[in-house]
Amino acid sequence: MLVLFDFFKEGEALESDVEQQYFTTLQTIENLELRNMLRNEEDKLGAVIKIVSGAGGTEAQDWAEMLYRMYQRWCEKQGYKCENTNYQQGDEAGIKTVTMQIEGEMAYGFLKCENGVHRLVRVSPFNAQGKRMTSFSSVFVVPLVDDSIEIEVNNADLFWDTFRSSGAGGQNVNKVETGVRLRYTHRDADTGSTREIIIENTESRSQFGNKENALRLLKSQLYEIELEKRRAAQAKIEAGKKKIEWGSQIRSYVFDDRRVKDHRTNYQTSDVQGVMDGNLDEFIKEYLMQFGGNTSVV
């Protein structure tokens, strides 16, 4: 950069060349700062995103499908591999829930900021009176564990159900029970409390393949539970910082006002269509620059 500026002063380089090099250098520095925020053990892993439509019937289910498309588009832009492991269509339109398995470097590190409740405000196409309606969908993001992470699963607490599975839109209906439902009773070693984890997997056409991937998703959730304990412990120390938990409203998408706002960072944009097409990088960057070094707010 400095060498090019010296050339410019000597009349051997154009001002446009200096400006281009300046913005390229600035982008490189910002990317380095961003990656420096992704230094937790789990940040390097892939991610599992589960989207669940909130109350509100068809309108909420349509919103869940819009979020699903948004994350698909973002993954395409990043060059990440994205597969559905469970997909449940809505009653009339949209989806009730979908689980996406995303593989790629730093996928969880970037996507962890999407964890929470996403709020949509728009004139609903499903309302005959053309009323402005508010819908909610929950997004839950956990790390996708790989062979470098060791997670212990107690087989005595593991139960399986099988069912016939079908693809999105009712396609590829299987005549045999290839879909699997895993039920696992997780026991907290510290408190002795228990909770049931249920995972459905219909990705593969073989029951064995679906069982194998369901176990991987279970390990991802168990790993996230351990991470939650670490964050809770650190949160006591950093109680003055804003804490973000599952169930909180993190972002509003107001279509009529052409505004998408993140309530944690206060970053907002008027490019609603761009955001819905997967342009999430600025939201991710703002979150990581403010909270990336603080594991308690993920």
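Within the range 1-79, which helices (runs of 4 or more DSSP H) (wholly inside it) include 1 or more residues that are farther than 30 Å from Glu200 by Cβ and either modelled with pLDDT of 95 or more or open to solvent by 50 Å² or more (accessible area, probe 1.4 Å) (or both)? Walk me through how you get there before you give the answer.
Numbers: elements: 2-9, 15-36, 58-78.
Per the criteria, 2-9, 15-36.
Out of all the residues in the range 112-152, which are surrounded by 14 or more Cβ atoms within 10 Å (Cβ to Cβ) and part of a loop (DSSP other than H, G, I, E, B)?
Scanning the range 112-152 gives Asn115, Ser124, Phe126, Val145, Ile149, Ile151.
Is one or more of the residues making up the range 235-252 out of contact with any Gly (no Cβ under 7 Å at 6 or more places or on another chain), modelled with pLDDT of 90 or more and open to solvent by less than 10 Å² (accessible area, probe 1.4 Å)?
Scanning the range 235-252 turns up at least one residue that is out of contact with any Gly (no Cβ under 7 Å at 6 or more places or on another chain), modelled with pLDDT of 90 or more and open to solvent by less than 10 Å² (accessible area, probe 1.4 Å).
Which condition number in (1) in contact with a Cys (Cβ under 8 Å, 6 or more places away or on another chain); (2) in contact (Cβ under 8 Å) with a residue 24 or more places away in the chain is the one that Phe110 fails?
It fails just one condition, (1).
Just for the range 179-234: of the residues that are of a type in the set (Asp, Glu) and in a strand (DSSP E or B), which one is surrounded by the most Cβ atoms within 10 Å (Cβ to Cβ)?
Per the criteria, the residue is Glu200.
Is it the case that Ser165 is open to solvent by 30 Å² or more (accessible area, probe 1.4 Å) and modelled with pLDDT under 85?
no
The values are calculated or read from the model by the stated rules, or taken from the named source; none is laboratory data. Small disclaimer: the values here were computed from a predicted structure and weren't measured. Here Cβ is always computed from backbone atoms with ideal geometry, including for glycine, and neighbour counts include all displayed protein chains. Only protein heavy atoms, including side chains, enter the accessible area calculation; ligands, DNA and RNA are left aside. Shrake-Rupley method; radii C 1.70, N 1.55, O 1.52, S 1.80 Å.
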